[in-house]
1. Against the definition (away from every other protein chain (no Cβ under 14 Å), open to solvent by 10 Å² or more (accessible area, probe 1.4 Å) and within 30 Å of A:Ala50 (Cα to Cα)), how does A:Asp118 come out, yes or no?
2. What about A:Ala253, is it within 14 Å of chain B (Cβ to nearest Cβ), at pLDDT 95 or above, open to solvent by less than 10 Å² (accessible area, probe 1.4 Å) and touching an Asp or Glu at 6+ places or on another chain (Cβ under 6 Å)?
3. Please give the number of the condition B:Trp274 fails out of (1) in contact with a strand residue (DSSP E or B) (Cβ under 7 Å, 6 or more places away or on another chain); (2) part of a helix (DSSP H, G or I); (3) open to solvent by less than 30 Å² (accessible area, probe 1.4 Å).
4. Take the residues of the range A:72-85 that are over 17 Å from the mean Cα position of the chain (by Cα) and within 14 Å of chain B (Cβ to nearest Cβ): which is farthest from A:Thr35 (Cα to Cα)?
5. Answer yes or no as to whether B:Ala263 is within 14 Å of chain A (Cβ to nearest Cβ), within 22 Å of A:Gly169 (Cβ to Cβ) and not β-branched (Val, Ile, Thr).
6. Give me a count of the residues in the range A:126-148 that are assigned to a helix (DSSP H, G or I) and of a type outside the set (Asp, Glu).
7. At least 2 residues that are among the small types (Gly, Ala, Ser) in each: list the strands (runs of 3 or more DSSP E) lying fully within the range A:1-111 that qualify.
Number of protein chains: 2
Amino acid sequence: MDGQYVAGVDIGGQTSKIGIVDAAGNVLARKVIRTDSYGKDAEAYMDALAGALGECAADAGLSWKAVGAVGIGAPNGNYYTGHIVRAVNIAWASGREVPLAEGLSRRLGGIPVTLTNDANAAAMGEMVYGAARNYRDFIMITLGTGVGSGIVVDGKLVYGHDGNAGELGHVIVDRNSTRSCGCGRKGCLETYCSATGVARTAKEWIETTDEPSLLRDMDELSSKTVYDAAKQGDAMAIRVLRYTAEILGRSLADFVTFSAPEAIVIFGGLARAWEFLYEPMLDEMNANLMPVWRGKIKIVRSGLKESDAAILGASALAWK
Amino acid sequence: MDGQYVAGVDIGGQTSKIGIVDAAGNVLARKVIRTDSYGKDAEAYMDALAGALGECAADAGLSWKAVGAVGIGAPNGNYYTGHIVRAVNIAWASGREVPLAEGLSRRLGGIPVTLTNDANAAAMGEMVYGAARNYRDFIMITLGTGVGSGIVVDGKLVYGHDGNAGELGHVIVDRNSTRSCGCGRKGCLETYCSATGVARTAKEWIETTDEPSLLRDMDELSSKTVYDAAKQGDAMAIRVLRYTAEILGRSLADFVTFSAPEAIVIFGGLARAWEFLYEPMLDEMNANLMPVWRGKIKIVRSGLKESDAAILGASALAWK
């Protein structure tokens, strides 16, 4: 890492967000390209990403030489290999491995490119710039379309022997569950506590009860419409969020037995419903914690600005 | 650590085992003292332990000066503070904190004394001398009176922010369970998969079925008598062990999502029933693993000689 600036890239299923970041965590320039316009052609995507990184540096008034490294967070991004491994929501990485770090580095004159999965990137961002700046042991939980996690032990991300550690969204919370998960199994935490999981719970409750609820009139059931209804005082919507938070809280109690984190940091779109989630999540975690930890583990909301969080998280990877 | 020898101490509820160990892992001399003969007097216990350490060194033909450090594994031993923290099975440490490392070091002329909990000590021993010598990422599960665990990430033990990490025996495996755990909660892994848990399962099945079984004639139901009956072909005993192994296997699948270990190492008295436990444990782990790990995570039995395992584990702590 030679430069005083790095680039952060957050690859999502639809768009890829690029930012040039200085050492203080200021995003000097931003750019967005489509992730989903290249069909199965990973080479074409990498060409476009490399081009956009150059343009973004220029927008920041920098020559590309001033940018010393690139950090990337992506679904199923593997830190050890630099590959995106069978990411179901990205056509050019579905069912195959794409050597993204190497391919991008080659296009950028050989500068270091570091890849990890999106939740690990978020945890890094939180540690360098966010709510976890003072923690050496914490667990980051991202509540988005899925449930991701990044685990930090003694100041370092846990990658595991194969780079795939930190898949806490796929702990089984109910072995009798009928909820199918994208991973091919049933009853994963993700099927309950993601944005999608919230919508599933709401749909189930609407279909299996007669209780009046604003949710019945929604064109679309999503975590956003559930949250909107809860803000309007809708009893069922509030209970859906509480149910979600309680399941998450119980799982957090189990997670604590593993790494005894000082705090759990919650991140992602569903965290916007914080006023409905926080108390039941904390209460249920404490009710299920071993006595030695009861009342001692913090649950905090991400400290990163949501618009920049992913870019900062990815850029934090590049700072060594 | 100045000497070429260290002392390992394994503190159990009834006895404390002491050994003088060389750098190759040879136990040069052994000594056992009672843990439970000192009532609530922790000072008297530490006096006795310090004396026994000196005698053990002499038995090995060494002056105490040749022994550079002491490593201790003990229930609820805290690595950071060097205290034994409210160990329910040790009268002099029940309901209070005993500054064991400091107290012992003072009695031994100030040499370094390192303390951790017994499962972490076992994991250290396995990494330095045993089945985990080639793994930088593994999870040690100890199946004894309780279920303990030691988690190694990237070659280092996970202690957590407070030194209490690695309590996987207290993950809740059944939230509707009526089985009370020593930790004050219900349904912990330990209530099913410890030696005690095996006896509980056998007792429950005997009381709630009419199935003929050798277990009905046993004076005492213990994991040993269940294992003995299984070896004689008793169908219920075999099923009790399989049930135990399956619950453990499912939990192991969840543990893998955390740290993506290369292997799980199983240790402790119940591991003697390996021929009945291994296959159902492995099969059930694989059936519950995410596809990315299925068939790839090893389950291995401890590679330490059982009689020396605890001493070696504790001594491994002392080598820095």
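The values are calculated or read from the model by the stated rules, or taken from the named source; none is laboratory data. Predicted, not measured: the structure shown is a model, and the values here were computed from it. Positions of Cβ are backbone-derived with ideal geometry, glycine not excepted, and every protein chain shown enters the neighbour counts. These accessible areas exclude ligands, DNA and RNA; they are computed on the full protein's heavy atoms, side chains included. Shrake-Rupley method; radii C 1.70, N 1.55, O 1.52, S 1.80 Å.
1. Spelling it out, A:Asp118 is indeed away from every other protein chain (no Cβ under 14 Å), open to solvent by 10 Å² or more (accessible area, probe 1.4 Å) and within 30 Å of A:Ala50 (Cα to Cα).
2. no
3. (3)
4. The qualifying residue farthest from A:Thr35 (Cα to Cα) is A:Tyr80.
5. no
6. Number satisfying all stated conditions: 3.
7. Ranges flagged: A:5-11, A:15-22, A:67-74.
Condition check ((1) touching a residue at least 40 places away in the same chain (Cβ under 8 Å); (2) in contact with a strand residue (DSSP E or B) (Cβ under 6 Å, 6 or more places away or on another chain); (3) within 21 Å of A:Glu306 (Cα to Cα)) across all residues:
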{"residue": "A:Phe138", "(1), (2), (3)": "yes, yes, yes"}
{"residue": "A:Thr142", "(1), (2), (3)": "yes, yes, yes"}
{"residue": "A:Tyr159", "(1), (2), (3)": "yes, no, no"}
{"residue": "A:Gly163", "(1), (2), (3)": "yes, no, no"}
{"residue": "A:Glu167", "(1), (2), (3)": "no, no, no"}
